[in-house]
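A short reminder: the numbers here are calculations on the coordinates, not readings from a lab. If you're wondering where the values come from, they're calculated on a predicted model, not measured in any experiment. Backbone-built Cβ (ideal geometry, glycine too); neighbour counts: all protein chains shown.
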């Protein structure tokens, strides 16, 4: 696979390391799993934006495996693990499909987190409904997994979009992207 030369491997590993470290910087941790971190999903999405979908999806899958080992105490079934960790975090790699588009990082990041939320919500429907809090209104049971999962994903998403929309951050990210591709800015 041509995408896994030395430079993409190094940049991807560094980005995954930063994402993993930032996943420990929890701004808020929800009681039944999920947390708002300090832009950790951004660093996973950067890989796809740098190198395209195949490197992005593969790297995001590796991040999902790391997340499983970080917080994998929530294992109900092997399929639940695949959905909640491997598939959901792999969704962040779809940023690679927007690699060469105008505002590609922003669009790819938003699509990735929305897809991640959808996969986590599906996991909620399939595996976690019996753990819904008693105080949650019964009339809204059908939307509980959507509300719960998007609550933490969208909060972090809004913070991240605000950060990457800042002109100095945009310039810095474009500079790093040019370094990751050519070695020159």
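So what is the relative contact order of the range 6-182, in percent, for Cα pairs below 8 Å that sit 6 or more residues apart?
Reported as a whole number, the value is 22 percent.
For the range 79-185, just the Cα set please: Rg and Dmax, both in angstrom.
17.2, 57
Could you sort 163-176, 8-21, 81-94 so that the peptide with the highest average Cβ count within 10 Å comes first and the rest follow in order?
81-94, 8-21, 163-176
How far, in degrees from 0 to 90, does helix 53-71 lean away from the longest principal axis of the Cα atoms of the chain, to the nearest 10?
50 degrees
Expressed as an acute angle from 0 to 90° and rounded to the nearest 10, what is the orientation of the C-alpha long axis of helix 40-51 relative to the principal long axis of the chain?
For helix 40-51, the angle is close to 40 degrees.
Just report the Cα centroid separation between the range 86-158 and the range 1-77, whole Å.
15 Å
With axes computed from alpha carbons, what is the tilt in degrees of helix 104-123 against the longest principal axis of the chain, rounded to the nearest 10 within 0 to 90?
Between the helix axis and the principal axis of the chain, the angle is about 30 degrees.
With mean projected area of the Cα convex hull in nm² defined as stated, name the option among (i) 10.9; (ii) 14.5; (iii) 12.7 computed from the structure displayed.
Recomputing mean projected area of the Cα convex hull in nm² here picks out (i).
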